[in-house]
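Heads up: the structure comes next, in structure tokens.
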Amino acid sequence: MAVPLVPIPAPETIAHTIQLAVAPVFLLAGLGQLLNLLATRLSRVVDRSRWIEQHFGEIERGRAVKELRLLDRRMSVISWAITLCTISAVAICLVVGGLFVARLIGAGFGRSVAFLFILAMVLLVAALSLFLMEVHFANRSIRVRNDLLERD
């Protein structure tokens, strides 16, 4: 029983497939930068919460508890954003792989690749929304009290 050979695509076909895969690869680079930014923000929030925990007795209790609650919420939001970005990046990797496989073996699963790309975009929008929410929480936490501003 002979196994049918898959025809080797022409170099032009391979070149076109690489061109199709370039845009998602740029998107992956952007997702990598976003993940780096989110990880940095998470580490700063963790550092701040550890500092407050170490100096808890020296800080006004109500203020320390309020800030720790806000930091805990920020950690949670950032963690979810990182998770969504990572899943989005995996979906983009599957899109790139799917484009190559579909083109090279002539398989017709374009709908699956399109679904993965749409899923990646939805996850990215959700992650960016969480990032915006976390930035809002951060801005709320650094408001300067009016009594310290000595306004006239």
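Every read-out reported here was derived from the displayed coordinates using simple, explicitly stated rules and does not represent laboratory data. Keep in mind it's a predicted model, so treat the numbers as computed, not measured. A quick note on method: Cβ atoms are made from the backbone with ideal geometry, for glycine too, and the neighbour counts reach across all protein chains shown.
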Quiz item: How far apart, in nm, are two points set 7 Å out from the Cα along the Cα-to-Cβ line at residue 29 and at residue 105?
Solution: 3.0
Quiz item: Along the charge dipole of the chain, which of 34, 110, 78 sits closest to the positive end, that is, farthest toward it, with unit charges on the beta carbon of Lys, Arg, Asp and Glu (+1, +1, -1, -1)?
Solution: 78
Quiz item: Percentage of Cα-Cα pair distances in the chain greater than 27 Å, rounded to whole percent?
Solution: 47
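Using a cut-off of 14 Å between beta-carbons, work out the net charge of the residues near residue 55 (Lys and Arg +1, Asp and Glu -1, residue 55 not included). All intermediate terms of the calculation are to be shown ahead of the outcome.
Values: positive: 48, 50, 61, 63; negative: 47, 53, 58, 60, 67.
Here the count lands on -1.
What dipole magnitude, in Debye to the nearest 20, does the chain give about its Cα centre under +1 on Lys/Arg Cβ and -1 on Asp/Glu Cβ? Write out the running numbers ahead of the final one.
Details: 16 positive and 11 negative charges, 58 e Å.
Once rounded to the nearest 20, the dipole reads 280 debye.
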Quiz prompt | Those chymotrypsin sites (Phe, Trp or Tyr not before Pro) in the range 97-144 that DSSP places in a loop and that have at most 14 other beta carbons within 10 Å | solution = 109
Self-check item: For 51, 80, order by how many other beta-carbon atoms lie within 10 Å, fewest first
Solution: 51, 80
